[in-house]
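Notes follow once the structure below has been shown.
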Amino acid sequence: ISVDFTYNVWFLASTTIAAILTIGVIPMVEKTLGIVTYFRLHEYNKHSHPLIKRLIMEAPGTYDHSIKVGNLAELAADAIGANGLLVRVGAYYHDIGKIVNPEYFIENVSPGTNLHDHLDPYESAKIITSHTLDGVKLCKDYKMPEPIVRMVLTHHSDSILYHFYSKAKETDDEADINLFKYNCPTPVTKEEGILMLADST
């Protein structure tokens, strides 16, 4: 057997083994360091992902909104050197919690329909604000990476639902503003901040 042949066999074997080990190690590295690779992001970017398919079927208005937020957020991220793909994927899932009660979110109902007209403002606020934690739970159930979960959790930060707070004040001067807050952490990374701003816009 020639030296060249032996070298080529070892080269082919070692590169194959290295590729297999790399693919096997990537998930462990991601989990340990709390990062997500472009390879994994492309998996979650597909509209065939089971969670996105649920969003399309159960809350189509929210899906449309999420696509628009993703487009805007990715452009902003690319403009300042942040991770555009991460922001886009985060935007696709940021409102995933709305599939728990889709009919209580305006983008999912017919014009002129508003179930909140028949609810106490405290109950409305509870339903609206719960979509962040519902989203976090869904993401964890589907084993989403931590950076995406963080974007779901922080995209409203500690903002206040002033519409429902004002409605409550009409009948109760002592209405507690804290009952109309999201009470979630504020964004820490550029990507989290961009998503929050794009969603508000």
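Might you check whether a residue that is within 20 Å of K143 (Cβ to Cβ), of a type outside the set (S, T, Y) and modelled with pLDDT of 75 or more occurs anywhere in region 17-38? Yes. So which of D64, D78 ends up being among the charged types (D, E, K, R) and in contact (Cβ under 8 Å) with a residue 12 or more places away in the chain? The conditions single out D64. The condition of being over 14 Å from Y44 (Cβ atoms) and either of a type in the set (A, V, I, L, M) or not in a helix (DSSP H, G or I) (or both) holds for G112. The set of residues from region 143-162 being open to solvent by 40 Å² or more (accessible area, probe 1.4 Å) and modelled with pLDDT under 95 comprises K143, E146.
Counting only residues that are within 15 Å of A91 (Cα to Cα) and touching a residue at least 24 places away in the same chain (Cβ under 8 Å), which one in region 37-48 is surrounded by the fewest Cβ atoms within 10 Å (Cβ to Cβ)? Working first, answer last.
To start, the set of residues in region 37-48 that are within 15 Å of A91 (Cα to Cα) comprises 41-47.
After this cut, where a residue has to be touching a residue at least 24 places away in the same chain (Cβ under 8 Å) as well, the list is 41-42, 44-45.
Values: L41: 18, H42: 11, Y44: 22, N45: 16.
The selected residue is H42.
Residues in region 112-126 that are touching a Phe, Trp or Tyr at 6+ places or on another chain (Cβ under 6 Å), at pLDDT 95 or above and open to solvent by 30 Å² or more (accessible area, probe 1.4 Å): none.
The values are calculated or read from the model by the stated rules, or taken from the named source; none is laboratory data. For clarity, every value in this text was computed on a predicted model and none was experimentally measured. Using ideal geometry, Cβ is built from the backbone for each residue, glycine included, and neighbour counts are taken over all protein chains shown. Ligands, DNA and RNA are excluded from the accessible area calculation, which covers all protein heavy atoms including side chains. Shrake-Rupley method; radii C 1.70, N 1.55, O 1.52, S 1.80 Å.
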